[in-house]
Amino acid sequence: MTRNLSLLAGIAVAAMAGTAVAQDVRIGTEGAYPPWNYTESDGTLAGFEIDLGNAICEHNGWTCEWVAQDWDGIIPALQNGRYDAIMAGMSITAERDEVIDFSHGYMTTPAHFAVAADSDMAAELAEADAATMLAALDGAVVGVQVGTIHQNLIEQELPGADLRFYDTQDQLNLDLVAGRVDAGLADVNTWTEFNEAEGAEAIALIGPGLTGADYPVLGVGVGVGLREDDDELQAAFNEAICALSNDGTIATMTEEWFGFDASLPCPE
């Protein structure tokens with residue numbers, strides 16, 4: 001594993017003072033998961049996590065560079081030193097925690113199944129409880145972005161589903177609307193973001209939102225992914241996240257990007 005020790009060697013987190021020495025830090029993101037992170041038509045990265053990452057960098061006095069990386073290689077690229085941290089809608093799960101470390105969680109939103117708005121299931125399962133919805137989908141053609149917590153939940157809860165894997169959320173959205181899959185599972189706001197971009201209710205949510213409280217495989221919130229043993233960098237991210245949580249910055253950002261306060265309190 002390559003490692004640029006000089007990149008982080010100078011980080012001295014003044015944990016008590018709430019500041020860090022100016023430093024260059026590279027942050028990896030997918031750039032294809034709106035509103036968390038996405039790529040504008042001119043190639044620039046935008047979204048909630050870009051705004052939050054830039055606020056963290058400003059708070060810590062860092063000069064930050066964003067690096068776009070396909071989702072299925074995002075953890076290996078971190079481990080191989082392509083960048084120093086991941087901010088890409090990555091939920092903190094026990095499985096991921098075995099290979100990387102995480103900052104404090106900065107926000108959480110529920111996962112949600114969705115179907116094409118003109119499908120029979122849109123009406124039949126709109127108000128279904130979780131058990132009824134899962135029973136109806138077990139045997140259906142269900143799409144999901146590969147390597148996500150949503151894939152893990154489907155494999156756990158829908159063993160009879162015909163599972164279809166997608167490299168990006170956009171590919172899943174298009175196949176769902178076209179009827180090539182019966183249903184999909186993703187973060188709730190990726191579905192609403194797609195409808196807003198389409199200017200129509202092309203996709204309908206079914207059943208309730210699903211969270212880590214009832215389905216531990218979904219994790220305990222979204223955090224910054226870091227290489228194991230990067231303790232000083234982890235502490236610097238944690239300090240900044242807590243400062244931005246405590247002063248309401250993260251709450252304001254989540255309200256702007258998601259329409260509600262999805263921020264997490266800083267651990268005591």
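The values are calculated or read from the model by the stated rules, or taken from the named source; none is laboratory data. Keep in mind the model is a prediction, meaning the values are calculated, not measured. Note that each Cβ is placed from the backbone with ideal geometry, even for glycine, and that neighbours are counted across all protein chains shown. Just the protein is used for accessible areas: all its heavy atoms, side chains included, with ligands, DNA and RNA removed. Shrake-Rupley method; radii C 1.70, N 1.55, O 1.52, S 1.80 Å.
Helices (runs of 4 or more DSSP H) fully within the stretch 34-112 that include at least 2 residues being at negative phi and charged (D, E, K, R): 48-60, 94-97. Scanning the stretch 177-221 for residues that are farther than 18 Å from T148 by Cα and part of a helix (DSSP H, G or I) returns V177, A178, T192, E193, F194, N195, E196, A197, E198.
With respect to the conditions (1) closer than 18 Å to A186 by Cα; (2) not in a helix (DSSP H, G or I), Q156 lacks only one, and its number is (2). Kindly check whether there is at least one residue in the stretch 243-261 that is touching a Pro at 6+ places or on another chain (Cβ under 7 Å), within 24 Å of Q23 (Cα to Cα) and buried (at least 19 other Cβ atoms within 10 Å of the Cβ). Among the residues of the stretch 243-261, at least one is touching a Pro at 6+ places or on another chain (Cβ under 7 Å), within 24 Å of Q23 (Cα to Cα) and buried (at least 19 other Cβ atoms within 10 Å of the Cβ), which makes the answer yes. Return yes when N189 is more than 21 Å from W71 (Cβ to Cβ), of a type in the set (S, T, N, Q), open to solvent by less than 20 Å² (accessible area, probe 1.4 Å) and modelled with pLDDT under 95 and no when it is not. So N189 does not fit the description; no.
Taking the conditions (1) more than 20 Å from Y38 (Cα to Cα); (2) small (G, A, S); (3) free of Cβ contacts under 8 Å to residues at least 40 places away in the same chain in turn, A128 satisfies each one other than (3). Taking the criterion of being closer than 11 Å to A114 by Cβ and either open to solvent by 60 Å² or more (accessible area, probe 1.4 Å) or touching a residue at least 40 places away in the same chain (Cβ under 8 Å) (or both), the residues of the stretch 170-186 that qualify are L176, V177, V181, D182, A183, G184, L185, A186. Taking the stretch 147-194 as the range and being among the charged types (D, E, K, R) and farther than 18 Å from I206 by Cβ as the test, the residues that pass are E155, D167, D170. Taking the criterion of being touching a Lys or Arg at 6+ places or on another chain (Cβ under 8 Å) and either open to solvent by 20 Å² or more (accessible area, probe 1.4 Å) or among the charged types (D, E, K, R) (or both), the only residue of the stretch 26-53 that qualifies is R26. Scanning the stretch 85-121 for residues that are more than 17 Å from the chain's Cα centre (by Cα) and in contact (Cβ under 8 Å) with a residue 40 or more places away in the chain, which turns out nearest to G209 (Cα to Cα)? Only one residue fits best here, namely A114.
For G147, the conditions (1) farther than 19 Å from A117 by Cβ; (2) modelled with pLDDT of 95 or more; (3) assigned to a loop (DSSP other than H, G, I, E, B) all hold with the exception of (2). Scan the stretch 118-144 residue by residue and report those that are open to solvent by 20 Å² or more (accessible area, probe 1.4 Å) and in a strand (DSSP E or B). The answer is V141, and nothing else.
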